[in-house]
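Q: Attaching a single structure in structure tokens format; questions to follow.
The values are calculated or read from the model by the stated rules, or taken from the named source; none is laboratory data. Every value quoted in this text rests on a predicted model; they were computed, and no experiment measured them. Here the Cβ positions follow ideal geometry from the backbone for every residue, glycine too, while neighbour counts run over all protein chains shown. SASA here: full protein model, heavy atoms, side chains in, ligands and nucleic acids out. Shrake-Rupley method; radii C 1.70, N 1.55, O 1.52, S 1.80 Å.
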Protein chains: 2
Amino acid sequence: MPAQLLQSHQLKATKQRRELLLLMQREHRPRTAEQLQTKLKDVSLATVYRMMDDFLQAGLVNRVDLGHGHTHFEYADPKHHHHHLICDDCGRIEDVRVPNETKIVLSVGRKAKFRVRRHALEFFGLCSRCQTA
Amino acid sequence: MPAQLLQSHQLKATKQRRELLLLMQREHRPRTAEQLQTKLKDVSLATVYRMMDDFLQAGLVNRVDLGHGHTHFEYADPKHHHHHLICDDCGRIEDVRVPNETKIVLSVGRKAKFRVRRHALEFFGLCSRCQTA
DNA sequence: TTCTAGTTGAGAAAGATTCTCAATTAGATA
DNA sequence: TATCTAATTGAGAATCTTTCTCAACTAGAA
């Protein structure tokens with residue numbers, strides 16, 4: 001599956017790319033380049049970053065800013081578009097869907113005559129556990 | 001004005017803080033720590049970062065991730081809450097307001113039992129000029 | 001005016017990300 | 001299947017952003 005997906009985006013299906021894409025599909029969570037490299041074993045960190053650029057360009061992954069100092073990446077599954085709730089206290093990350101999101105994004109773009117290609121949205125605050133604690 | 005605003009947030013009104021806050025209020029655009037330091041002249045970069053932490057904590061500024069490698073900061077004017085449209089092509093940044101945003105944020109938090117304290121939202125794509133070019 | 005906790009400057013240190021360049025490889029072609 | 005070439009990769013150096021350290025300084029309380 002990763003091989004065809006890569007080729008359909010004009011990306012050579014190298015061993016490294018197939019492994020990284022498969023890993024991200026399985027994790028389906030925001031991960032840093034370093035976290036991904038550790039699980040891949042035989043891929044250099046520079047290559048992870050380079051592949052991530054390619055994947056971002058192709059729209060296969062999303063960049064996620066969790067407010068820590070380093071970028072996270074997440075597989076962009078079109079069937080499960082979502083955003084994140086990030087707990088300031090315990091750091092837990094929950095997925096969340098925003099109702100009528102497509103409609104909202106379209107309307108914002110239309111009004112500003114701006115062709116929206118992608119958007120980033122994260123919510124920060126306190127998760128249910130940390131509110132009571 | 002900056003002095004009172006700082007004190008109302010339990011922050012000592014030092015010369016550096018007053019100048020930075022005033023500058024950010026005047027610019028009301030996303031700026032990097034370095035850009036701000038350049039305009040302040042007699043404040044060290046480390047101090048700009050430290051003050052930014054304090055201001056973020058106090059809710060006086062927002063962190064903005066424009067997708068370039070470095071963080072931008074913007075004065076958080078409660079009267080003019082907005083988000084950004086960032087052009088992938090020319091880099092231009094436009095402000096945008098999202099209709100019914102408060103309602104949406106509240107509903108997302110309620111469903112997930114998550115107390116939302118703040119959120120980050122940016123739109124990326126092509127501005128009106130770059131669509132035709 | 002004095003005192004003290006909080007703040008700042010300067011540069012070192014720490015991290016994250018990108019760059020360089022020689023070696024390797026996917027995939028097209030014969 | 002073998003060959004060829006442009007694209008990709010590894011390894012480490014380089015760069016860039018952000019944080020840390022610690023001695024000197026200062027706002028605001030007494």
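Q: Within segment A:62-90, track down each residue that is hydrophobic (A, V, I, L, M, F, W, C) and farther than 20 Å from A:Leu36 by Cβ. Even if it seems obvious, please write down each step before you answer.
A: Step one: filter segment A:62-90 for residues hydrophobic (A, V, I, L, M, F, W, C), giving A:64, A:66, A:73, A:76, A:85-87, A:90.
Answer for segment A:62-90, where residues must be hydrophobic (A, V, I, L, M, F, W, C) and farther than 20 Å from A:Leu36 by Cβ: A:Leu85, A:Cys87, A:Cys90.
Q: Further question on the same structure: Could you check, for segment A:42-52, whether at least one of its residues is at pLDDT below 95 and over 18 Å from the mean Cα position of the chain (by Cα)? Steps first, please.
A: Filtering segment A:42-52 for residues at pLDDT below 95 gives A:42.
After this cut, where a residue has to be over 18 Å from the mean Cα position of the chain (by Cα) as well, the list is A:42.
Yes, the conditions are met somewhere in segment A:42-52.
Q: Additional query: Of the conditions (1) more than 12 Å from DNA strand C (Cβ to nearest atom); (2) surrounded by fewer than 16 Cβ atoms within 10 Å (Cβ to Cβ); (3) more than 10 Å from chain B (Cβ to nearest Cβ), A:Tyr75 clears all except one; give me its number.
A: Here A:Tyr75 clears every test but (2).
Q: For residues that are within 7 Å of chain A (Cβ to nearest Cβ) and of a type in the set (Lys, Arg), tally how many sit in segment B:97-133.
A: Result for segment B:97-133: 4.
Q: Something else now. Please pick out the residue among B:Asp53, B:Asp65, B:Asp42 that is exposed (fewer than 15 other Cβ atoms within 10 Å of the Cβ) and within 23 Å of B:Leu121 (Cα to Cα).
A: B:Asp53
Q: Residues of segment A:26-75 being more than 15 Å from DNA strand D (Cβ to nearest atom) and acidic (Asp, Glu), which ones?
A: A:Glu27, A:Glu74
Q: Name the pairs: first residue in segment B:9-29 and open to solvent by 50 Å² or more (accessible area, probe 1.4 Å), second residue more than 9 Å from DNA strand D (Cβ to nearest atom), Cβ to Cβ under 6 Å, at least 6 apart or on different chains?
A: B:His9/B:Ala58; B:Gln16/B:Val43; B:Arg18/B:Pro2; B:Glu19/B:Leu40; B:Leu22/B:Pro2; B:His28/B:Tyr75
Q: Here are the criteria: (1) surrounded by fewer than 17 Cβ atoms within 10 Å (Cβ to Cβ); (2) within 11 Å of DNA strand C (Cβ to nearest atom). Tell me which single one A:Gln37 does not satisfy.
A: That leaves (1) as the condition not met.
Q: Let me ask another. So which of A:His119, A:His80, A:His84, A:His70 is closer than 25 Å to B:Lys113 by Cβ, open to solvent by 80 Å² or more (accessible area, probe 1.4 Å) and not hydroxyl-bearing (Ser, Thr, Tyr)?
A: A:His80
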